[in-house]
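Engineer: Quick one: structure below, then a few questions.
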Amino acid sequence: MKLSAKLFVGLILCGILGVLGFMVWNKESTRREVVSRLPDSPELSDVHPGLRGDLNRINRDINGGRQLIENIGRLSALYHANGYLNEAIQVYRLLVEVDEKNARWPHLLAVILSGYGQLDEAVDLWERARTLDAEYVSIPLKLGEVLQKSGELHRSESVYRSLLNTKKGNADALLGLGILAIEREDWSSAREFLLRATHSRKDFSQAWKLLAQVYWAIGDDLNAFDAEKRGSSEFRGFEDPWLDEVMYSSFDTYQLSVLAATKQETGNLSSALDFLLRAVELQPNEAFINRQLGKAYQKIRNTTLAQQYLETAVSLDNTDADSWVALIEFHQSRGNKELAENSLQRGLKLCPDSPSLNLMMARRNMSLGQHQLARPYLLKAIDQAPQNVSAHVDLAGVNFRLGLLDEGRQSLENALSAEPNHPVALMVYARFAIGELSKDKALELTNQVLQHRRISRQDKEELKRIFETKHDRLP
């Protein structure tokens with residue numbers, strides 16, 4: 001090769017190496033600039049050793065340049081899940097900038113900011129996230145919810161309707177539209193949206209609860225009563241897998257148990273179990289975690305694991321009355337009368353002041369016709385929990401069977417004092433008044449029952465018949 005040709009090739013190679021060197025330098029410079037913008041690590045001396053180890057390991061990986069964005073994402077999750085929200089906000093802001101096409105980061109940042117009441121910025125972030133990922137339904141659901149809470153009802157409605165255009169029949173969007181209709185007292189539209197929500201999700205407790213409110217408002221008591229029975233919870237929540245992934249990084253077992261309870265409330269037992277298994281892995285000797293896990297397994301009919309964790313709970317803390325109650329109820333649900341009886345006797349011996357266990361023992365004696373034996377347990381349960389209406393009503397029934405009419409009447413008045421207009425207490429009192437008290441008192445209580453929204457039409461008709469058999473026709 002001629003000298004000029006060698007020189008030409010050499011120059012090209014030098015140029016290539018120079019460009020590659022610049023690219024490496026530029027990449028390293030960018031990495032250093034990104035890392036320099038991360039918040040200082042918080043004080044970790046008193047935290048869970050696992051959290052300290054995870055944070056130290058991730059920070060080493062970040063400083064070493066390994067999988068930079070992925071590890072910064074893990075860092076944000078650890079900060080977010082474990083309560084270091086200021087640090088999490090800083091990391092999310094950085095991720096929004098350097099991983100700008102990923103909708104996850106503006107969404108998670110908006111979740112924190114909305115909790116701090118910074119709704120305007122949260123809305124902007126969710127709008128940005130929505131343009132980046134049109135398929136992740138939690139983004140428009142959160143956006144619609146926050147817009148509704150901040151009074152921007154038209155924008156909120158537009159977001160929900162837009163979601164329904166792409167995700168037809170989405171129950172959470174229909175719930176949102178139902179809530180908006182209730183706010184403007186458009187009962188017809190509210191009923192339509194909420195009924196559609198319950199058709200999309202049969203066990204949608206929140207929708208049934210709101211539907212009962214709509215039926216009461218339009219005077220449809222029969223459907224209201226039915227809807228109220230189906231709607232056991234007013235809790236509003238929807239699935240957010242990205243946030244769940246973050247919160248799974250928590251080292252706080254109490255927080256994990258609360259997250260699990262929330263998941264159970266919305267019917268997501270699989271996620272509830274994930275959180276509880278994480279909690280019991282972190283602290284296997286916590287009785288309340290084992291109890292909660294046992295009850296979760298019972299709900300999915302895994303009786304072997306349910307019994308295992310419930311028995312573990314009472315062995316870890318045999319003075320935890322709630323664990324004994326859960327174990328007794330498990331045995332009762334399985335028809336294991338002897339095991340239920342043994343657990344009740346053992347639990348009450350170890351937790352003699354438990355109102356729940358005393359009430360259980362009272363009801364056990366009542367079921368055997370041993371009302372005299374039941375009475376002291378009911379008195380003890382009421383002494384420990386005077387607001388327990390069921391115990392007052394049970395005591396009234398026991399007193400009546402023992403011929404203690406004045407004491408029975410006082411028990412019913414105590415029940416209604418603890419919870420005015422309690423439907424069962426009011427029904428029992430009305431029946432007692434018809435048979436034993438003055439016509440005026442009987443009429444007063446009967447009318448209260450007939451006007452009560454939470455008492456079925458069938459029960460009202462039966463009480464009316466009893467009254468008119470004893471007295472004149474009702475006015």
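The values are calculated or read from the model by the stated rules, or taken from the named source; none is laboratory data. For clarity, every value in this text was computed on a predicted model and none was experimentally measured. Cβ coordinates were reconstructed from backbone atoms using ideal geometry, including for glycine residues, and neighbour counts include every protein chain displayed.
Engineer: Hey, can you tell me all the residues within the range 451-472 that are without any contact (Cβ under 8 Å) to a residue 24 or more places away in the chain and assigned to a helix (DSSP H, G or I)?
Structural biologist: Q458, K460, E461, E462, K464, R465, E468, T469
Engineer: Same structure, new question: Kindly list, by first and then second residue, each pair from a residue in the range 413-441 that is farther than 23 Å from L474 by Cα to a residue that is not in a helix (DSSP H, G or I), limited to pairs with Cβ atoms under 7 Å and residues at least 6 apart or on different chains.
Structural biologist: Cβ pairs passing all conditions: A415/H422; L416/H422; A418/P386; A418/Q387.
Engineer: Of the numbered conditions (1) surrounded by 13 or more Cβ atoms within 10 Å (Cβ to Cβ); (2) outside any helix (DSSP H, G or I), P475 fails exactly one; give the number of that condition.
Structural biologist: Evaluating P475 over (1) surrounded by 13 or more Cβ atoms within 10 Å (Cβ to Cβ); (2) outside any helix (DSSP H, G or I) leaves (1) as the failure.
Rundown of residues vs (1) touching a Leu at 6+ places or on another chain (Cβ under 7 Å); (2) of a type outside the set (A, V, I, L, M); (3) modelled with pLDDT of 95 or more; (4) assigned to a helix (DSSP H, G or I), yes/no style:
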position: G65; (1), (2), (3), (4): no, yes, no, no
position: S76; (1), (2), (3), (4): yes, yes, yes, yes
position: Q90; (1), (2), (3), (4): no, yes, yes, yes
position: L95; (1), (2), (3), (4): no, no, yes, yes
position: A122; (1), (2), (3), (4): yes, no, yes, yes
position: T131; (1), (2), (3), (4): no, yes, yes, yes
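Engineer: Just name the residue that is modelled with the highest pLDDT out of those in the range 236-275 that are of a type in the set (F, W, Y) and out of contact with any Phe, Trp or Tyr (no Cβ under 9 Å at 6 or more places or on another chain).
Structural biologist: F251
Engineer: Please pick out the residue among A374, A306 that is among the small types (G, A, S) and under 29 Å from S411 (Cα atoms).
Structural biologist: Unique residue meeting the criteria: A374.
Engineer: Hey, can you tell me all the residues within the range 242-251 that are in contact with a Gly (Cβ under 9 Å, 6 or more places away or on another chain) and either surrounded by fewer than 19 Cβ atoms within 10 Å (Cβ to Cβ) or hydrophobic (A, V, I, L, M, F, W, C) (or both)?
Structural biologist: The one that is in contact with a Gly (Cβ under 9 Å, 6 or more places away or on another chain) and either surrounded by fewer than 19 Cβ atoms within 10 Å (Cβ to Cβ) or hydrophobic (A, V, I, L, M, F, W, C) (or both): F251.
Engineer: Kindly list the number of the only condition in (1) farther than 30 Å from S41 by Cα; (2) of a type outside the set (V, I, T); (3) without any contact (Cβ under 8 Å) to a residue 24 or more places away in the chain that fails for K167.
Structural biologist: Of everything listed in (1) farther than 30 Å from S41 by Cα; (2) of a type outside the set (V, I, T); (3) without any contact (Cβ under 8 Å) to a residue 24 or more places away in the chain, K167 misses just condition (3).
Engineer: May I ask you to say which residue of S200, S138, S162 is touching a residue at least 40 places away in the same chain (Cβ under 8 Å), within 28 Å of R104 (Cβ to Cβ) and surrounded by fewer than 23 Cβ atoms within 10 Å (Cβ to Cβ)?
Structural biologist: S138
Engineer: Any chance the range 352-372 includes a residue that's farther than 28 Å from I455 by Cα, small (G, A, S) and surrounded by 16 or more Cβ atoms within 10 Å (Cβ to Cβ)?
Structural biologist: There is at least one residue in the range 352-372 that is farther than 28 Å from I455 by Cα, small (G, A, S) and surrounded by 16 or more Cβ atoms within 10 Å (Cβ to Cβ).
Engineer: Go through the range 150-263 and tell me which helices (runs of 4 or more DSSP H), entirely inside it, have 3 or more residues that are closer than 27 Å to V123 by Cβ and not hydrophobic (A, V, I, L, M, F, W, C).
Structural biologist: 153-166, 171-183, 187-200, 241-247
Engineer: Exactly one of (1) farther than 22 Å from L357 by Cβ; (2) crowded, with 19+ Cβ neighbours inside 10 Å; (3) under 35 Å from the mean Cα position of the chain (by Cα); (4) not aromatic (F, W, Y) is unmet by R454. Its number?
Structural biologist: Evaluating R454 over (1) farther than 22 Å from L357 by Cβ; (2) crowded, with 19+ Cβ neighbours inside 10 Å; (3) under 35 Å from the mean Cα position of the chain (by Cα); (4) not aromatic (F, W, Y) leaves (2) as the failure.
Engineer: Residue under question is D120, and the condition is that it be of a type in the set (D, E) and either surrounded by 15 or more Cβ atoms within 10 Å (Cβ to Cβ) or touching a strand residue (DSSP E or B) at 6+ places or on another chain (Cβ under 9 Å) (or both); does it hold?
Structural biologist: No: the conditions fail for D120.
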